[in-house]
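Structure record follows, encoded as structure tokens.
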Amino acid sequence: MNVNAEVTSPVTTIRNAAATAKINVTRLRGNISVLEGSGGNIAVLTGPDGKVLVDAGIPTSRLRLTEALAGLGNDPVKHLINSHWHFDHTDGNEWLHSIGAAITAHTNTKKHLATTTRVDDWNFTFPPAPSGALPTTVFDDEQTLVVNGTRLVLRYYGQAHTDSDIWIDFTDADIIHVADTLWNGQYPFIDYSTGGSVDGLIRAAQANVARATHNTIVIGGHGSIGNKSQLIEFRDMLVTIREKVSALKKQGKSRDEVVDAKPTADYDAKWGGLIIDGDFFTRLVYAGV
Ligand SMILES: [Zn+2]
């Protein structure tokens, strides 16, 4: 890989954007809020046991994240949960750990952070993270935490957007952080390099729909705060595009021919406006059908 390739990677773009991004704070329900603007959406649970964060943002936003967290109360950050291994959810691990946060994640999050990991579709190779950035507690299937009088159920999706995705269910408040198994109003990235697949992502999207009630507040990894009907819309988009791309591939069409056939055309205006456009998403789906 040459230097220019690294410069043009979306990883570099997203890291740089976080340096100047405004952090939007939204209080959701009870003592749970969400911070938007530094990498993936960050959920925050406050209380006397210390703050619990779901995802770590990007340390170029550290000053503004620190301000936003202080605005939610004086209790220190004591716990961090990584929804999956991707940089825009874990780059802040080291500094949050340095100020006192224990880090909980799926086993595969620690595995990928601890080693050199290449993501071809981002044109980027991640070096091993420093030891202070690694999760301090890992689990394989399910883990329940009770913090600040609130029960959090962490559950592994199986292979979905990556092979390390978990949901974080604040059961009492009926709020769920679904990692990158929902990009609300955006085509999602699917990371085949670390065990993701379109069919796994559809299974996760279906599990989210089954979990949600019409009262549930849904925090996706990316996009605005969502609800059950948006989970359904996202799942239906995935299923429809998967079927269209699969049918074209079965006709013997190459990846470029399928992209040229524009199987996402009906969806691009709503879903293709940000990081992943219709052509990129078509290539991601083609790889998995
Ligand atoms: Zn991700």
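Just so it is clear, none of the values below were taken in a lab; they were calculated from the coordinates. None of these values were measured; they are calculated from a predicted model. Cβ sites come from the backbone with ideal geometry, for glycine too, and all protein chains shown count toward neighbours.
The table below lists the values:
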item: Global form of the range 151-194, assessed from the alpha-carbon gyration tensor, a/c cut-off 1.5; result: oblate
item: Where labels lie 7 Å past Cα in the beta-carbon direction, separation of Arg27 and Thr125 in nm; result: 4.9
item: Cα-centre dipole for the chain with unit charges at Cβ (Lys and Arg positive, Asp and Glu negative), debye to 20; result: 200
item: Overall form of the range 28-79 per C-alpha gyration tensor (a/c, 1.5; a/b vs b/c); result: prolate
item: Estimated 222 nm signal from helices in the chain, with DSSP H stretches of n ≥ 4 weighted -39500 (n - 2.57), rounded to 500; result: -10000 deg cm²/dmol
item: Contour minus Cα-Cα distance for Arg118 and Asn16 (0.36 nm per residue); result: 34.7 nm
item: GNM flexibility winner over the chain from Tyr157, Tyr192, Tyr267 (Cα, springs under 10 Å); result: Tyr267
item: Net charge of Cβ neighbours under 11 Å - reference Asn93; Lys, Arg +1; Asp, Glu -1; result: -2
item: Length added when fully stretched, Asp141-Thr213, from 0.36 nm per residue minus Cα-Cα; result: 23.6 nm
item: Cα-based Lys pair tally, the chain, threshold under 13 Å, eight or more apart or on separate chains; result: 5
item: Neighbour net charge for Thr240 - beta-carbon separation under 11 angstrom, K R +1, D E -1; result: -1
item: Residues Leu274 and Ile225, FRET efficiency given R0 of 22 Å [Cβ-Cβ distance, rounded to 0.05]; result: 0.85
item: Least to most buried among His79, His112 (fewest other Cβ within 10 Å first); result: His79, His112
item: Burial ordering of Trp271, Trp183, fewest other beta-carbon atoms within 10 Å first; result: Trp183, Trp271
item: Dipole axis of the range 10-152 (+1 Lys, Arg; -1 Asp, Glu on Cβ), positive-most option in Ile103, Thr20, Ala114; result: Thr20
item: Simple label model, 7 Å out from Cα along Cβ direction - Asn74 to Lys253, nm; result: 6.3
item: Magnitude of the charge dipole, the range 171-289, Cβ model with Lys/Arg +1 and Asp/Glu -1, debye to 20; result: 320
